[in-house]
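Enquirer: One structure coming up, written as C-alpha cells, with questions to follow.
The values are calculated or read from the model by the stated rules, or taken from the named source; none is laboratory data. This one's a predicted model, so the numbers in the text were calculated from it and none came from an experiment. Here the Cβ positions follow ideal geometry from the backbone for every residue, glycine too, while neighbour counts run over all protein chains shown. Accessible surface areas use protein heavy atoms only, side chains included; no ligands, DNA or RNA. Shrake-Rupley method; radii C 1.70, N 1.55, O 1.52, S 1.80 Å.
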Amino acid sequence: MTGLLPEGFHDRLPPAADAAARLETRVLGLARLYGYEQVDPPLAEFADELATRLKTGAVHNAVRFVDPVSQRSLAIRPDLTAQVGRIAATRMGHHPRPVRLCYAGQVLKLKAPALDPRRAMRQIGCELIGRDSVAAAMEIVRVAIEALQSAGVEGLAIDFTLPDLVDTLAENTLPRETLTALRERLDAKDAGGVAAIDPRYLPLIEAAGPFDGAMARLRATDAGTALASRIDGLATIAASIPAGVALTLDPTERHGFEYQTWLGFSIFARGGRGEIGRGGTYMVVHDGGREEPAVGFSLYADPILDAGMGGDARRRLFLPFGTDAVTGAALRAEGWVTVAALEAEDTPQAQLCSHELRDGVPTAL
C-alpha cells in the first residue's frame with residue numbers, strides 16, 4: 001500500500017484541517033447573526049433532480065453512478081447551490097419568503113479546472129431564496145464580506161459582472177449559434193472576433209476595469225439605455241460596500257456564471273492565486289416549472305487556506321508530566337489548547353507546542 005489518492009483528491013492534515021474548521025465556524029457564525037440557518041444536504045442525490053433545480057443550471061461536471069437500490073442515476077454534488085434550492089422549493093416550500101439558508105460541505109467535480117488540479121473541495125455559502133432585488137443582493141454581498149473579514153481574510157476585492165447582459169441586449173435578434181459565439185468572443189476580450197460577428201458589441205469590451213471608470217463607459221454605451229435598471233442597481237450595491245474593498249467590473253464575463261441572471265460577482269483576496277468565492281442572482285425551479293428568484297454566494301475553503309488566510313497560528317500549551325487535572329481544566333477554561341506529557345521524557349518540541357507551563361505560568365517557547 002502506498003497511501004496514494006485518486007487524481008484531484010487530497011488529505012487535509014493538521015494544522016490545515018483545524019484552520020479549515022475555524023474558517024467554517026467563523027463564516028457560518030457570522031451568517032447566523034444575519035438570520036441564515038444551516039442546512040446539510042446529502043453528498044449524492046438523484047441526478048435528474050440536481051440537473052433541473054436551477055434554471056439553465058444543468059449539472060455537467062458531476063460524477064454519476066447507478067444506485068444499486070433504486071436503479072436510478074445518482075450524482076455526487078459538484079456544487080451545493082442546487083441542493084439548497086431543492087430544499088427551499090420542496091421541504092421548505094411552505095416557509096415564508098425569503099428563506100435564508102447557509103451550508104458547508106464537500107463537493108466533487110468530474111474534471112478539475114484547468115488552473116487547479118483539485119476535484120474535491122470544501123464549499124461554504126449562503127442563499128437567500130425568494131428575492132433577487134437590489135436590497136437582497138446588497139445583503140448577500142455584505143454578509144460575504146463580513147464573513148471573510150471575521151475569519152481574518154484581508155485585502156478583499158470584488159469583480160462584478162452582468163451575466164445576462166448580452167442576451168438582454170440581443171433580445172432574440174441573433175441566432176442561437178451566433179449569440180453563443182458572441183458570448184465566447186466577449187469572454188475572451190477578442191475585439192476582432194466581436195467585430196466580425198456584430199461590431200455594436202465592441203464598446204462592451206472597453207467597459208471593464210476599476211469600477212467607477214468601467215461604469216461610466218458602460219453607461220455611455222447603448223447598454224446604458226437598454227439596461228438602465230440593472231446598471232443603477234449595480235451602482236447601488238457597489239455604493240453599499242465598505243471602504244477598503246476594491247471593486248472592478250467586467251460586464252460580459254460569463255465563465256463560471258452559467259446559471260446566474262442579472263448579477264454575478266467574484267471575490268478575491270490579497271495573497272490568493274485566484275478567486276476565493278463567487279455569487280449572484282439565479283432562478284430556482286419548482287415542481288411544475290414555476291421559477292423563484294434567489295441570490296447567494298459560495299466560498300471555497302481550499303484557496304483561502306492555501307494562501308495562509310482564515311487560520312490562526314498554532315497555540316498549544318505543553319503540560320509537564322505530573323501536572324494535575326485541575327490545573328489543566330482551568331487552563332482549558334481560559335481557552336488554552338493543552339497537551340499533557342504522558343511520560344517524563346516528553347518535550348514541548350516533540351508535541352509541537354508553542355508554550356510550556358513553567359511554575360504554573362504559560363510561557364512562550
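Enquirer: Filter region 98-115 for residues that are open to solvent by 60 Å² or more (accessible area, probe 1.4 Å) and in contact (Cβ under 8 Å) with a residue 60 or more places away in the chain; which is farthest from H60 (Cα to Cα)?
Expert: If we take residues in region 98-115 being open to solvent by 60 Å² or more (accessible area, probe 1.4 Å) and in contact (Cβ under 8 Å) with a residue 60 or more places away in the chain, then R100 is farthest from H60 (Cα to Cα).
Enquirer: Could you check R278 against (1) in a strand (DSSP E or B); (2) in contact with a helix residue (DSSP H, G or I) (Cβ under 8 Å, 6 or more places away or on another chain) and say which number it fails?
Expert: All conditions pass for R278, except number (2).
Enquirer: Confirm whether R131 is out of contact with any Asp or Glu (no Cβ under 7 Å at 6 or more places or on another chain), among the charged types (D, E, K, R), open to solvent by less than 30 Å² (accessible area, probe 1.4 Å) and under 27 Å from A147 (Cβ atoms).
Expert: Answer is no for this residue.
Enquirer: Same structure again: Go over the candidates R278, R314 one by one and state the one that is within 20 Å of L263 (Cα to Cα), open to solvent by 10 Å² or more (accessible area, probe 1.4 Å) and not aromatic (F, W, Y).
Expert: Exactly one of R278, R314 is within 20 Å of L263 (Cα to Cα), open to solvent by 10 Å² or more (accessible area, probe 1.4 Å) and not aromatic (F, W, Y), namely R278.
Enquirer: Within region 316-331, can you find the residues that are in a loop (DSSP other than H, G, I, E, B) and not β-branched (V, I, T)?
Expert: Those that are in a loop (DSSP other than H, G, I, E, B) and not β-branched (V, I, T): P320, F321, G322, D324.
Enquirer: So which residues in region 328-365 are exposed (fewer than 14 other Cβ atoms within 10 Å of the Cβ) and not hydrophobic (A, V, I, L, M, F, W, C), if there are any at all?
Expert: Result: R332, E334, G335, E343, E345, T347, Q349, R358, D359, G360, T363.
Enquirer: Still on this structure: Does region 13-42 hold any residues that are under 30 Å from P68 (Cβ atoms) and either small (G, A, S) or surrounded by 13 or more Cβ atoms within 10 Å (Cβ to Cβ) (or both), and which are they?
Expert: V39, P41 - these are the residues of region 13-42 that are under 30 Å from P68 (Cβ atoms) and either small (G, A, S) or surrounded by 13 or more Cβ atoms within 10 Å (Cβ to Cβ) (or both).
Enquirer: Kindly evaluate A307 against the criterion of being touching a Gly at 6+ places or on another chain (Cβ under 9 Å) and over 30 Å from A135 (Cβ atoms).
Expert: So A307 passes the test.
Enquirer: Another question about this same structure. Where residues in region 190-236 are outside any helix (DSSP H, G or I) and of a type in the set (D, E), which of them is most open to solvent (accessible area, probe 1.4 Å)?
Expert: Filtering first and then ranking leaves D222.
Enquirer: What are the residues in region 238-249 that are in contact with a helix residue (DSSP H, G or I) (Cβ under 8 Å, 6 or more places away or on another chain) and either over 23 Å from M283 (Cα atoms) or buried (at least 22 other Cβ atoms within 10 Å of the Cβ) (or both), if any?
Expert: Matches in region 238-249: S240, I241, P242, V245, L247, T248, L249.
Enquirer: If you go through region 315-327, how many residues are within 39 Å of the chain's Cα centre (by Cα) and either among the basic types (K, R) or more than 10 Å from H355 (Cβ to Cβ) (or both)?
Expert: Result for region 315-327: 2.
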